[in-house]
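The values are calculated or read from the model by the stated rules, or taken from the named source; none is laboratory data. Everything numeric here is computed off the predicted structure, so don't read it as measured data. In this analysis, Cβ positions are derived from the backbone assuming ideal geometry, glycine residues included, and neighbour counts consider all displayed protein chains.
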Amino acid sequence: MKYLVILEQTKTGYSAYSPDLPGCVATGVSRDDAEGRMKEAIAFHLDGLHQEGMEIPQPHSLSTYLDVSA
């Protein structure tokens, strides 16, 4: 499955989260680091849901960029 992941630059690196998986977050010193850690976090999160017999959320979030005159 493909989940939307939002990456945000911080003062110390990057943070990441997925709107489809509340509470599933990761951080890293670089973008690549944060992406890798988030991939691991998603796998861990989904495995935990599976082990608890809970439903795996289907990806449903979308993203886009809008061109706006400033």
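Of a type outside the set (Ser, Thr, Tyr), touching a Lys or Arg at 6+ places or on another chain (Cβ under 6 Å) and not in a helix (DSSP H, G or I), is that true of ALA16? Can you show your working first?
Details: of a type outside the set (Ser, Thr, Tyr): yes; touching a Lys or Arg at 6+ places or on another chain (Cβ under 6 Å): no; not in a helix (DSSP H, G or I): yes.
Taking the combined requirement at face value, the residue does not satisfy it.
Counting just the residues of the range 13-25 that are without any contact (Cβ under 8 Å) to a residue 24 or more places away in the chain and out of contact with any Ser or Thr (no Cβ under 8 Å at 6 or more places or on another chain), which one comes out surrounded by the most Cβ atoms within 10 Å (Cβ to Cβ)?
If we take residues in the range 13-25 being without any contact (Cβ under 8 Å) to a residue 24 or more places away in the chain and out of contact with any Ser or Thr (no Cβ under 8 Å at 6 or more places or on another chain), then TYR17 is surrounded by the most Cβ atoms within 10 Å (Cβ to Cβ).
Of everything in the range 26-70, what is among the polar types (S, T, N, Q) and not in a helix (DSSP H, G or I)? Give them in sequence order. Give the derivation first.
Restricting attention to the range 26-70, the residues satisfying the condition of being among the polar types (S, T, N, Q) are 27, 30, 51, 58, 61, 63-64, 69.
Passing the criteria: THR27, SER30, GLN58, SER61, SER63, THR64, SER69.
Restricting the first residue to the range 56-70 and requiring it to be under 28 Å from ILE42 (Cα atoms), which pairs with a second residue that is of a type in the set (Ser, Thr, Tyr) meet a Cβ separation below 7 Å and a spacing of at least six or different chains?
From residues that are under 28 Å from ILE42 (Cα atoms), the pairs are PRO59/TYR3.
If I filter the range 26-70 down to residues being surrounded by fewer than 10 Cβ atoms within 10 Å (Cβ to Cβ) and among the small types (Gly, Ala, Ser), which single residue comes out as nearest to GLN9 (Cα to Cα)? Can you show your working first?
Going through the range 26-70, the residues surrounded by fewer than 10 Cβ atoms within 10 Å (Cβ to Cβ) turn out to be 51-53, 55, 58, 60, 62-70.
With the extra rule that they be among the small types (Gly, Ala, Ser), the set shrinks to 53, 63, 69-70.
Numbers: GLY53: 35, SER63: 18, SER69: 24, ALA70: 22 Å.
Across the range 26-70, the extreme among qualifying residues is SER63.
For the condition under 12 Å from the mean Cα position of the chain (by Cα) and either modelled with pLDDT under 95 or hydroxyl-bearing (Ser, Thr, Tyr) (or both), what is the one hit in SER30, SER69, SER18?
On the way: SER30 fails: under 12 Å from the mean Cα position of the chain (by Cα); SER69 fails: under 12 Å from the mean Cα position of the chain (by Cα).
Answer to the selection: SER18.
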